[in-house]
Amino acid sequence: PRSLAQAADGQASVLKYLEAHARPDGGYAFADQQRSHLTPTYAVIGAYRALGQMPPNRAALADYVRAHHPRELKKLEQERRIFEFQQVQSLVWLGDPAAEFRDRLKAWTAPLPYLKQYEQHGYPIFQSELGLVQCRALLGMDLEPLKPAFSDYVAVRRRANGSFNNTPAADGGDGHVMNTLWGLQAARVLGLPEEKKAETIAWLRACQLPGGGFTYQPSPAFGGMDDVAYTRAALRALQLLGGEPANRAACVAWLGTLANADGG
C-alpha cells in the first residue's frame, strides 16, 4: 500500500498537471490549445472534485463555464445537450445553483432527432440527450415532463443482455459500455423498473480484458482495445448495480500504468 506521503505527493503532482491547463480567459484548455473550452474545463473541475479539492478562482471559473457553451465559439448545426450537462454539472460541482438553466431545460421534454445527413434514421445521440435527464436531476427539477418521451426512448434501446446503445435493440447489435452507463443512470432517474440486473453485471464484467482494463463490449469484432473512458464507464455502471469487476486487482494495476511523469 502507498504511504500517506506518497499519496500526498501523487495528488500534488496531479494538481500541478491540472493547473498547467489553465488559461488567462478563466477556463482550461487541451494541452495543445491556447483557447479554453468547456469540455476540458468540465474535466478539470471533475478531477478536482475526485481529489476532494475545489479549483482555484472558483467564481471566475463559474463565470467561464456559464458563458462558454461551444455555440459561443461557432454556431452549431444542431443543439448538443451534452454541453448543457457539462455546464450544469460543472456549476453544481462548484457550488453554484445554475438557476438560469432552468427555463431552457423546462422547454426540452423529448429527445432531439439527429440530422439525417449524419445518421440515416435520425436517431438522437443517446449520451447527449440523456444529458438533459441528468441536468434536471442535478438541479432537483420535476422529472415528470420527461417521462412520456424519455422512458420509452431509453427502454427500447436496452438489449436482452442489459446493455444499451444509441440504436433501438430491435435494430440488432450489441450495446456499448459508455451508452450502458448513461442508460442505467437515466433509467434510475426516470424511475424505470430495475430489470436485467444480473445480465447487465455479467455483460459489463465480460468487457474486462486480461490486462485489467475494459473495452467497449464483450469480444468486439474490431477495435477491442482497453481504454480509460471505457474502464471508467464499466466501473461506474457496476457500482450502480452493486457489482464489481471480475479482476479488481488487475484493473487497479492497469490504471496505475496510465500515470505519466507529468502528473497526468
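With a simple spin-label model that places each label point 7 Å from the Cα along the Cα-to-Cβ direction, the separation between Ala249 and Asp171 comes to 4.2 nm.
If R0 is 30 Å, what FRET efficiency do you get for Ala149 and Ser219 from their C-beta distance, rounded to 0.05? After rounding, the FRET efficiency stands at 0.30. Within the set Lys75/Lys106; Lys16/Lys75; Lys116/Lys147; Lys74/Lys106, which residue pairs have Cα atoms separated by over 32 Å? Distance filter (> 32 Å) returns Lys16/Lys75.
Sites listed here are chymotrypsin sites (Phe, Trp or Tyr not before Pro) in the range 1-92 whose DSSP assignment is loop and whose Cβ has at most 13 other Cβ atoms within 10 Å: Phe30. Apolar share of the accessible surface for the chain: 54 percent from carbon plus sulfur atoms, 1.4 Å probe.
The length gained on full extension between Ala20 and Asp103, counted as 0.36 nm times the residue separation minus their Cα-Cα distance, comes to 26.3 nm. Here the Karplus relation 6.51 cos²θ - 1.76 cosθ + 1.60, evaluated at θ = phi - 60°, turns the backbone of the range 250-263 into coupling constants of 5, 5, 4, 5, 5, 4, x, 6, 7, 5, 9, 4, 7, x Hz, with x for every Gly and Pro. In this label model, Gln53 and Ala259 are separated by 1.4 nm, measuring between points 7 Å along each Cα→Cβ vector.
Solvent exposure of the range 132-202 amounts to 41 Å² per residue of accessible area, where only protein heavy atoms count and the probe is 1.4 Å. Relative to the current alpha-carbon distance between Ser13 and His121, full extension at 0.36 nm per residue lengthens the span by 34.2 nm. Along the axis of the charge dipole computed for the chain (Cβ charges of +1 for Lys and Arg, -1 for Asp and Glu, origin at the Cα centre), the listed residues Asn165, Gln134, His69 are led at the positive end by Gln134.
For the range 55-117, what does the accessible surface come to per residue with a 1.4 Å probe? Please give it in Å².
On a per-residue basis, the range 55-117 sits at 55 Å².
Residue by residue, the range 13-20 carries 3J(HN,Hα) couplings of 5, 5, 4, 5, 4, 4, 5, 5 Hz when phi is fed to the Karplus relation 6.51 cos²θ - 1.76 cosθ + 1.60 (θ = phi - 60°); x denotes Gly or Pro.
For Ala110 and Arg232, the FRET efficiency from 1/(1 + (r/R0)^6), where r spans their Cβ atoms and R0 equals 30 Å, is about 0.55.
Among the listed options (1) 153; (2) 169; (3) 202, the one matching volume of the Cα convex hull per residue in Å³ as calculated from these coordinates is (1). Of the peptides 250-263, 180-193, the ranking by mean beta-carbon count within 10 Å, highest at the top, reads 180-193, 250-263. Coupling constants for the range 164-180 follow from the phi torsions by the Karplus curve (6.51 cos²θ - 1.76 cosθ + 1.60, θ = phi - 60°), and in residue order they are 10, 8, 5, 9, x, 4, 4, 6, x, x, 7, x, 10, 4, 6, 5, 5 Hz; glycine and proline get x.
The values are calculated or read from the model by the stated rules, or taken from the named source; none is laboratory data. Since the structure is predicted, the reported quantities are computational estimates derived from the model, not experimental observations. Every residue, glycine among them, receives a Cβ derived from its backbone with ideal geometry; neighbour counts consider all protein chains shown. Side chains are part of the model used for accessible areas, which takes the heavy atoms of the whole protein and leaves out ligands, DNA and RNA. Shrake-Rupley method; radii C 1.70, N 1.55, O 1.52, S 1.80 Å.
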